[in-house]
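Below is one structure; the comments refer to it alone.
The values are calculated or read from the model by the stated rules, or taken from the named source; none is laboratory data. Computed from a prediction, not measured in an experiment: that's the story for all the values here. Note that each Cβ is placed from the backbone with ideal geometry, even for glycine, and that neighbours are counted across all protein chains shown. Areas reflect the complete protein model, heavy atoms only, side chains present, ligands, DNA and RNA absent. Shrake-Rupley method; radii C 1.70, N 1.55, O 1.52, S 1.80 Å.
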Amino acid sequence: MSVALSVERLCKLYKLYDSPRARLQALVTGRPTHRPHWALRDVSFVLQRGQCLGVIGDNGAGKSTLLKLVAGTLRPTSGAITRGGDGRVTAILELGAGFHPDFTGRENLRFAGALIGIADDEIARLEAEIIAFAELEDAIDRPVKTYSSGMTVRLAFALATAVEPDVLIIDEALAVGDQHFQKKCVERIDSFRRAGCTILFCSHSQYHVRQLCDAALWIDTGQARLLGPTEMVLASYEAHVRMLDARKSQESMAAPAETASRAALSSPGRRGAITSVNASDLDGGSPPVLTSHDLAVTVSASVAGDERPNFGVMLQLVGGIGVTSVATHVDRVEPLPQPDGTWKVTVTFPDLPLHSGEYVLSAYLFDSKGMVVYDEWLHCIRFLFVAATPLPGLVTLRHHWS
Amino acid sequence: MHALTAECTALWRARRLLFLMARRDLSARHAGSVLGIVWLYAQPLLTIAIYYLVFDVVFRMRLGDGAPTQAVGAYLIVGLVPWMAFSDAVLRGMISLLEAGALLQKNPLPTALFPARAVLTGALIYLPLTLALVFVYTPMHHFGAALLLLPLLVAALLAMWFLLAYSLAIVAAAVRDVVQIVGFFLGIGAFLSPVLFLPSMFPPAISWLLWANPMTPPVLGLQSILLSGAMPRAEVWLGMLAWLVALAVVLDRLVDRSREQLIDWL
């Protein structure tokens with residue numbers, strides 16, 4: 001494999017001025033009047049051709065700054081960015097930037113295409129395909145100001161990805177639009193990845209990072225905290241997030257996540273929704289106690305059309321420490337269609353090898369390929385499990401003494 | 001001049017996009033109107049028509065000796081057309097980076113494109129009007145050889161507007177107050193130039209103020225070529241050269257000092 005992108009000791013210093021006057025003074029005299037803020041410091045990585053690197057980190061960690069530097073919209077303070085070849089680089093940092101509301105979708109295509117370096121004749125050749133992908137056949141000759149935000153975003157994404165790039169830089173692009181659009185985004189990005197496109201992908205969706213990326217880079221306060229295989233980096237990052245969450249929950253009473261996830265059910269454009277999550281053998285206590293040695297969780301959902309969805313269930317210790325996650329697409333299990341058109345699946349954990357403690361269940365609904373999260377009920381069932389063993393711990397691992 | 005050279009190189013590489021942006025800017029200015037592009041030319045044409053009717057037809061006002069023409073209307077029109085173009089290009093160019101902030105933060109585009117677009121758009125509106133003036137006024141002196149210098153004068157004029165607009169755009173990105181201050185100076189600038197008065201009418205004590213206006217040399221040059229059919233005097237060329245060099249040095253410094261952080265300011 002050849003190197004597609006090499007980033008070496010990349011640094012970005014933002015100069016913070018106390019007032020516009022200080023900024024003017026610096027501009028006119030050349031004397032420094034700023035306070036330095038290092039948004040990125042000594043970040044290095046090498047991406048081989050066809051590799052997908054997920055960039056993760058907290059808000060303000062420097063992820064977007066890194067992507068903007070690699071895309072060329074910001075200039076680095078020091079360090080080097082080297083690309084292995086003159087191939088096309090596409091950066092999806094914001095969808096729809098450059099569209100003029102008074103012009104039609106078709107007119108905007110030509111101009112926005114030129115902005116991202118697609119020649120007129122190439123746009124003309126790709127126009128029909130872009131419009132079809134954006135599903136805007138009926139609206140393409142209307143001014144963009146009459147479009148919904150979803151339509152604008154669809155057109156912009158279809159344009160940005162109309163030409164397969166050698167290097168694709170994506171900043172949270174999957175967080176926009178409805179689920180139908182998100183699904184198309186993920187599928188197109190995945191097809192680029194399979195075709196050998198090098199991808200730099202920044203997302204708060206750890207699920208998508210897991211699905212798409214071969215490696216991950218965790219940026220923390222502007223510095224590369226960990227770079228390596230996706231699972232290893234995500235595990236470290238999740239531990240860090242749990243620690244932060246635990247600290248926060250100690251400091252303030254947080255609103256229950258369950259309420260948030262259920263409220264999202266009514267959002268428009270949703271292609272699927274979980275309708276119920278039940279765990280068997282829970283008594284009526286508060287919290288309920290699991291009265292069986294087995295834990296059986298049943299999740300029901302409705303999905304638009306005849307798409308066969310996938311389900312996931314996550315078991316965590318209260319406080320956020322993960323015990324296990326299972327998903328139908330990973331285990332190659334097909335959920336069962338119900339006579340009323342809904343889908344249902346039950347996962348059973350026989351002879352639960354847990355130690356005593358308070359546990360929480362979350363349920364997830366995915367698309368048919370397991371790429372897009374249609375719905376999630378986070379921390380929806382809380383229960384107490386009393387194990388026979390009096391010893392401390394989380395799970396009883398298979399073991400033998402010698 | 002390293003920074004400025006790099007900017008000009010980037011601009012040259014993006015010249016196709018520049019023309020596309022200028023065309024779109026023109027279309028955007030009349031988007032939604034019935035008469036469309038006509039409005040872009042109607043405004044200055046109406047101004048020219050009013051000056052001609054009022055000063056040269058109704059009142060038949062005349063200038064004294066030493067003027068490039070005796071007709072007050074013609075004198076005002078030849079000065080006002082470049083002044084209107086200058087005001088338009090500099091004002092739009094000055095705010096061009098502020099307006100393009102979101103676009104520049106998301107797309108790797110040369111910043112010079114935006115002030116250059118403002119100047120080019122201004123040129124696309126006012127150059128045809130200047131050409132019209134050539135056909136109206138030069139027959140009076142039988143298309144003299146001085147007319148051959150008009151393209152050079154216009155090229156220098158456009159270069160000067162670009163340098164000034166880009167410099168102001170960078171300063172405006174740092175301090176927004178500049179937009180208000182420059183707007184005020186553009187408002188009074190026509191009074192401190194040979195657009196409305198003959199240079200000889202200025203009190204000697206403040207005549208230096210004329211040369212502090214970057215539009216004084218080119219306006220004098222245009223008046224010479226279009227109204228007298230005479231070669232512009234050496235001071236016109238020297239004045240323009242001085243302004244071009246000064247603005248190039250200033251812009252080079254500004255680009256160099258702001259290069260790393262300009263996008264952050266938008």
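Say whether the condition of being open to solvent by less than 20 Å² (accessible area, probe 1.4 Å), at the interface with another protein chain (Cβ under 10 Å from one of its Cβ atoms) and aliphatic (A, V, I, L, M) is met by at least one residue in the range A:110-126.
Among the residues of the range A:110-126, at least one is open to solvent by less than 20 Å² (accessible area, probe 1.4 Å), at the interface with another protein chain (Cβ under 10 Å from one of its Cβ atoms) and aliphatic (A, V, I, L, M), which makes the answer yes.
Return yes or no: is B:GLN180 open to solvent by 50 Å² or more (accessible area, probe 1.4 Å) and within 14 Å of chain A (Cβ to nearest Cβ)?
On the way: open to solvent by 50 Å² or more (accessible area, probe 1.4 Å): yes; within 14 Å of chain A (Cβ to nearest Cβ): yes.
In short, yes.
Restricting the search to the range A:336-380, which residues are more than 20 Å from A:LYS184 (Cβ to Cβ) and of a type in the set (Lys, Arg)?
A:LYS344
Of the residues in the range B:15-73, how many are touching a His at 6+ places or on another chain (Cβ under 9 Å) and either under 21 Å from B:MET140 (Cβ atoms) or modelled with pLDDT of 85 or more (or both)? Spell out the reasoning first.
First, the residues of the range B:15-73 that are touching a His at 6+ places or on another chain (Cβ under 9 Å): B:24, B:27-28, B:31, B:36-40.
Filter once more, so that each one left must be either under 21 Å from B:MET140 (Cβ atoms) or modelled with pLDDT of 85 or more (or both): B:24, B:27-28, B:38-40.
Residues meeting the conditions: 6.
State yes or no: is A:GLU94 in contact (Cβ under 8 Å) with a residue 60 or more places away in the chain and open to solvent by 60 Å² or more (accessible area, probe 1.4 Å)?
Numbers: in contact (Cβ under 8 Å) with a residue 60 or more places away in the chain: yes; open to solvent by 60 Å² or more (accessible area, probe 1.4 Å): yes.
Yes.
Pairs under 7 Å by beta carbon, first residue within 14 Å of A:TRP343 (Cα to Cα) and part of a loop (DSSP other than H, G, I, E, B) in the range A:292-313, partner open to solvent by 30 Å² or more (accessible area, probe 1.4 Å) and charged (D, E, K, R), six or more apart or different chains?
Between residues of the range A:292-313 that are within 14 Å of A:TRP343 (Cα to Cα) and part of a loop (DSSP other than H, G, I, E, B) and residues that are open to solvent by 30 Å² or more (accessible area, probe 1.4 Å) and charged (D, E, K, R), the close pairs are A:ALA304/A:ARG271; A:ARG308/A:GLU334.
Return a yes/no flag: does the range B:145-166 have any residue that is of a type in the set (A, V, I, L, M), out of contact with any strand residue (DSSP E or B) (no Cβ under 8 Å at 6 or more places or on another chain) and within 30 Å of A:LEU93 (Cα to Cα). It would help to see each step written out before you state the result.
Let us first name the residues in the range B:145-166 that are of a type in the set (A, V, I, L, M), namely B:145-150, B:152-160, B:163-165.
Still in the running and out of contact with any strand residue (DSSP E or B) (no Cβ under 8 Å at 6 or more places or on another chain): B:145-150, B:152-160, B:163-165.
Then drop every residue that is not within 30 Å of A:LEU93 (Cα to Cα), which leaves B:165.
Looking through the range B:145-166, at least one residue is of a type in the set (A, V, I, L, M), out of contact with any strand residue (DSSP E or B) (no Cβ under 8 Å at 6 or more places or on another chain) and within 30 Å of A:LEU93 (Cα to Cα).
Let me confirm something: among A:SER64, A:SER44, which residue is polar (S, T, N, Q) and either more than 27 Å from the chain's Cα centre (by Cα) or outside any strand (DSSP E or B) (or both)? Talk me through it step by step, then tell me what you get.
Values: A:SER44 fails: either more than 27 Å from the chain's Cα centre (by Cα) or outside any strand (DSSP E or B) (or both).
On inspection, the qualifying residue turns out to be A:SER64.
Checking the structure you have, find out if any residue of the range B:40-48 is more than 21 Å from the chain's Cα centre (by Cα) and more than 10 Å from every other protein chain (Cβ to nearest Cβ). Working first, answer last.
Going residue by residue through the range B:40-48, those that are more than 21 Å from the chain's Cα centre (by Cα) are none.
No, that holds for no residue.
Do you know which residues across the range B:199-213 are touching a helix residue (DSSP H, G or I) at 6+ places or on another chain (Cβ under 8 Å) and either open to solvent by less than 20 Å² (accessible area, probe 1.4 Å) or free of Cβ contacts under 8 Å to residues at least 24 places away in the same chain (or both)? If you could, list the steps in order and put the result at the bottom.
Step one: of the range B:199-213, the residues touching a helix residue (DSSP H, G or I) at 6+ places or on another chain (Cβ under 8 Å) are B:199, B:202, B:207, B:209-213.
Selection gives B:PRO199, B:PHE202, B:SER207, B:LEU209, B:LEU210, B:ALA212, B:ASN213.
Can you tell me which of B:LEU186, B:LEU266, B:LEU226 is within 30 Å of A:PRO32 (Cα to Cα) and either out of contact with any Lys or Arg (no Cβ under 9 Å at 6 or more places or on another chain) or surrounded by fewer than 19 Cβ atoms within 10 Å (Cβ to Cβ) (or both)?
B:LEU266
Assess whether A:HIS293 counts as being surrounded by fewer than 17 Cβ atoms within 10 Å (Cβ to Cβ) and under 22 Å from A:GLY393 (Cβ atoms). First the steps, then the outcome.
Details: surrounded by fewer than 17 Cβ atoms within 10 Å (Cβ to Cβ): yes; under 22 Å from A:GLY393 (Cβ atoms): yes.
In short, yes.
Taking the condition of being in contact with an Asp or Glu (Cβ under 9 Å, 6 or more places away or on another chain), surrounded by 19 or more Cβ atoms within 10 Å (Cβ to Cβ) and β-branched (Val, Ile, Thr), how many residues in the range A:348-372 meet it?
So the count comes out to 1.
What is the one condition in (1) open to solvent by less than 40 Å² (accessible area, probe 1.4 Å); (2) modelled with pLDDT of 90 or more that A:ALA71 does not satisfy?
(2)
Report whether or not A:LEU53 is over 18 Å from B:GLN105 (Cα atoms), at pLDDT 90 or above and either outside any loop (DSSP other than H, G, I, E, B) or within 12 Å of chain B (Cβ to nearest Cβ) (or both).
Numbers: over 18 Å from B:GLN105 (Cα atoms): yes; at pLDDT 90 or above: yes; either outside any loop (DSSP other than H, G, I, E, B) or within 12 Å of chain B (Cβ to nearest Cβ) (or both): yes.
Yes; evaluated as a whole, the condition is true for this residue.
Results for (1) closer than 23 Å to B:LEU153 by Cα; (2) within 20 Å of the chain's Cα centre (by Cα); (3) within 14 Å of chain A (Cβ to nearest Cβ), shown as yes or no for each residue.
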{"residue": "B:TRP83", "(1), (2), (3)": "yes, yes, no"}
{"residue": "B:ILE95", "(1), (2), (3)": "no, yes, no"}
{"residue": "B:LEU103", "(1), (2), (3)": "no, no, yes"}
{"residue": "B:PRO110", "(1), (2), (3)": "no, no, yes"}
{"residue": "B:LEU120", "(1), (2), (3)": "yes, yes, no"}
{"residue": "B:PRO128", "(1), (2), (3)": "yes, yes, no"}
{"residue": "B:LEU133", "(1), (2), (3)": "yes, yes, no"}
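Residues that are of a type outside the set (A, V, I, L, M, F, W, C), assigned to a loop (DSSP other than H, G, I, E, B) and under 21 Å from the mean Cα position of the chain (by Cα): does the range A:137-158 have at least one?
The first filter runs over the range A:137-158 and keeps only residues of a type outside the set (A, V, I, L, M, F, W, C), leaving A:137-138, A:141-143, A:145-150, A:152, A:154.
Retained after the next criterion (residues that are assigned to a loop (DSSP other than H, G, I, E, B)): A:137-138, A:141-142, A:147-148.
Adding the requirement that they be under 21 Å from the mean Cα position of the chain (by Cα) leaves none.
Looking through the range A:137-158, none of the residues is of a type outside the set (A, V, I, L, M, F, W, C), assigned to a loop (DSSP other than H, G, I, E, B) and under 21 Å from the mean Cα position of the chain (by Cα).
Looking at the range B:104-128, which of its residues are at pLDDT below 90 and surrounded by fewer than 20 Cβ atoms within 10 Å (Cβ to Cβ)?
B:GLN105, B:PRO108
Go through A:SER6, A:SER19 for me and flag whichever is within 14 Å of chain B (Cβ to nearest Cβ) and of a type in the set (S, T, N, Q). Steps first, answer last, please.
Numbers: A:SER6 fails: within 14 Å of chain B (Cβ to nearest Cβ).
Only one candidate passes the filter, namely A:SER19.
Which of the residues that make up the range A:56-82 are among the basic types (Lys, Arg) and away from chain B (no Cβ under 14 Å)?
Of everything in the range A:56-82, just one residue is among the basic types (Lys, Arg) and away from chain B (no Cβ under 14 Å), namely A:LYS63.
Out of B:LEU163, B:LEU153, B:LEU157, I need the residue that is surrounded by fewer than 23 Cβ atoms within 10 Å (Cβ to Cβ) and either free of Cβ contacts under 8 Å to residues at least 12 places away in the same chain or under 12 Å from the mean Cα position of the chain (by Cα) (or both). Which one?
On the way: B:LEU163 fails: surrounded by fewer than 23 Cβ atoms within 10 Å (Cβ to Cβ); B:LEU157 fails: surrounded by fewer than 23 Cβ atoms within 10 Å (Cβ to Cβ).
Of B:LEU163, B:LEU153, B:LEU157, the one residue that is surrounded by fewer than 23 Cβ atoms within 10 Å (Cβ to Cβ) and either free of Cβ contacts under 8 Å to residues at least 12 places away in the same chain or under 12 Å from the mean Cα position of the chain (by Cα) (or both) is B:LEU153.
Pick from the range B:142-175 the residues that are on the phi < 0 side of the Ramachandran plot and of a type outside the set (A, V, I, L, M): which of them is nearest to the other protein chains (Cβ to nearest Cβ)? Explain how you work it out, then say what you get.
So the first thing to find is which residues in the range B:142-175 are on the phi < 0 side of the Ramachandran plot, and the list is B:144-175.
With the extra rule that they be of a type outside the set (A, V, I, L, M), the set shrinks to B:144, B:151, B:161-162, B:166-167.
Numbers: B:GLY144: 42, B:PRO151: 29, B:TRP161: 21, B:PHE162: 19, B:TYR166: 14, B:SER167: 10 Å.
Step by step, filter the range B:142-175, then rank; the result is B:SER167.
Of all residues in the range B:229-263, which are under 30 Å from A:TYR17 (Cα atoms), away from chain A (no Cβ under 14 Å) and open to solvent by less than 20 Å² (accessible area, probe 1.4 Å)? Step through it out loud before you land on a result.
The first filter runs over the range B:229-263 and keeps only residues under 30 Å from A:TYR17 (Cα atoms), leaving B:246-263.
When the remaining residues are screened for being away from chain A (no Cβ under 14 Å), the result is B:246-248.
Of everything in the range B:229-263, those that are under 30 Å from A:TYR17 (Cα atoms), away from chain A (no Cβ under 14 Å) and open to solvent by less than 20 Å² (accessible area, probe 1.4 Å) turn out to be B:LEU247, B:ALA248.
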